[in-house]
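All remarks here apply to the structure that follows.
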Amino acid sequence: MRLLVLGTGVMAKNQVANFLAIDGVEVVGAVDTDLVRLAEFADHFHIEKRFQTLEEAIAWGEFDSATNVTPDRIHHATSLALIAAGKHVFCEKPLAENYADALEMTETAEAAGVVNMVNLTYRNVAPLQRAREMVLAGELGTIRHVEASYLQSWLVSRAWGDWRTESRWLWRLSTGHGSNGVLGDVGIHILDFAAYGAATDIDHVFARLKTFNKAPGGQIGEYLLDANDSFTMSVDFTNGALGVIHATRWATGHLNELKLRIYGEKGSLEVIHRPDGSDLRGCFGEDIETAIWRDIEVPAVLTNYQRFAEAVRTGKQDDPTFRHAANLQKVIDLAIVSEKERRELNLLEASEQDSPADKRIPPLTVVV
Ligand SMILES: NC(=O)c1ccc[n+]([C@@H]2O[C@H](COP(=O)([O-])OP(=O)(O)OC[C@H]3O[C@@H](n4cnc5c(N)ncnc54)[C@H](O)[C@@H]3O)[C@@H](O)[C@H]2O)c1
């Protein structure tokens, strides 16, 4: 695979380190509008070809795939340009700013027949994959209740830098810079974590979003700090279970923690992922009477990066697809409407009137 890296910020470093560890993957070019960042990145990874615009890279054309690691707002136009040039695309999450754009990217990629995947990173968490297998094998029986949380603390801690002065955090706090806040940023991860782990889909959503005052006048420089930084959500799943999902950037003491608990009639599972590792625990059989939870061993799993490289090699599409990410985007869009109107919304019945920014939301049809 001859890979082009579009956007050379923090996540691109993580991605390229992973891609370069895969046999047969070559990173042949890099693009960034910020020439200082581009040079530092390309020097570090010994990438010869450097471009300030995607158009120049496409005109050069000596790559078959691209990873799109630009800020959320940039994903739509740039992925469409890559698809039009016949390139396979691995796009960062969230796929787009809204469902209509995400759907357009999905349909364009599918019509072009290129491999399209979205980097829902926590699919790389082995306990999540094992939990899903156990649910699908019926080991938990009927699922009744699901709880999931994604906790970060970068608004109160400096462990990842200072959000008051760094553009990579400031754009995430501003809707004018293309962010849907914590909901769009890591909400998409936890929605996927919950529904994928419980082997189901969300079909009703009722959300509360909150934006706390963080700076005088709610603004720092060009950044109006109006994007949500905490959300709570109650959802119904297509398997009949009820769920509660929440995320925040104010979880003092948690740098980056995802937690999922799935409660079934025959047993329960808990998946926890933190920067220092992941665990799976379960309560089954006679342990249900004494509420004893035991650790469950899990085998290693392939990463999204490995599966994208393999999909490009074989020409066979793999998960998570653009279509799946678009469906999650629809949950996010409706969560925003439900906060504004303080009412529950049904994904199957969402109408034009329910869609933010006058973008139409067609019914959800795909099951994970
Ligand atoms: N999957 C994950 O776990 C995960 C984690 C972090 C970030 N992300 C996602 O990765 C993306 C990038 O995040 P980041 O933290 O690296 O941001 P960042 O701000 O550090 O980097 C983005 C880079 O893109 C460049 N850029 C902006 N517009 C461009 C354009 N038109 N063409 C080329 N380059 C352009 C910027 O100059 C910057 O260098 C976001 O969509 C984010 O949501 C995903």
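What whole-number value in cubic angstrom gives the convex hull volume per residue for the C-alpha atoms of region 125-301? Taking only Cα atoms, region 125-301 has a hull volume of 124 Å³ per residue. What residues of region 308-323 lie in the reach of a label at Ser278, counting those whose backbone N is under 14 Å from a point 7 Å from the Cα along Cα→Cβ? The answer is 320. Count neighbours as other Cβ atoms within 10 Å of each site's Cβ, and list the GluC sites (Glu not before Pro) in region 200-301 that are DSSP loop with at most 11 such neighbours. Sparse-neighbourhood loop GluC sites (Glu not before Pro): Glu222, Glu265, Glu286, Glu297. Centroid-to-centroid, using Cα positions, region 167-193 and region 284-311 are 28 Å apart. Taking a straight line from the alpha carbon of Lys340, these lysines sit under 29 Å away, with near neighbours fewer than eight places off in the same chain left out: Lys93, Lys210, Lys214, Lys259, Lys330, Lys359. The label point for Ala39 and the one for Asp226, both projected 7 Å from the Cα toward the Cβ, are 3.7 nm apart. When its C-alpha radius of gyration is set against 2.2 N^0.38 Å (N residues), the chain gives a value of 0.98. Working from label points 7 Å from Cα in the Cα-to-Cβ sense, the Gln219 to Lys340 distance is 2.2 nm.
Under the simplified labelling scheme, the Glu62-Leu348 pair shows an inter-label distance of 5.4 nm, with each label point 7 Å from Cα along Cα→Cβ.
Taking every DSSP bridge with both residues inside the chain, close to 65 percent are antiparallel.
Once you reduce region 1-47 and region 98-118 to the center of their Cα atoms, the two points are 23 Å from each other.
In sequence order, region 221-230 has phi-based couplings of x, 7, 9, 7, 8, 10, 7, 4, 10, 8 Hz under the Karplus curve 6.51 cos²θ - 1.76 cosθ + 1.60, θ = phi - 60°, and Gly or Pro positions carry x. Rounded to the nearest whole Hz, the Karplus-based 3J(HN,Hα) values (6.51 cos²θ - 1.76 cosθ + 1.60, θ = phi - 60°) of region 207-212 follow the sequence 10, 10, 10, 9, 10, 8, with x at glycine and proline.
Read the figures in this text as sums done on the coordinates, not as results from a lab. From a predicted model like this one, the values you see are computed outputs, not experimental measurements. FYI the Cβ positions are ideal-geometry reconstructions off the backbone, even for glycines, and counts take in every protein chain you see.
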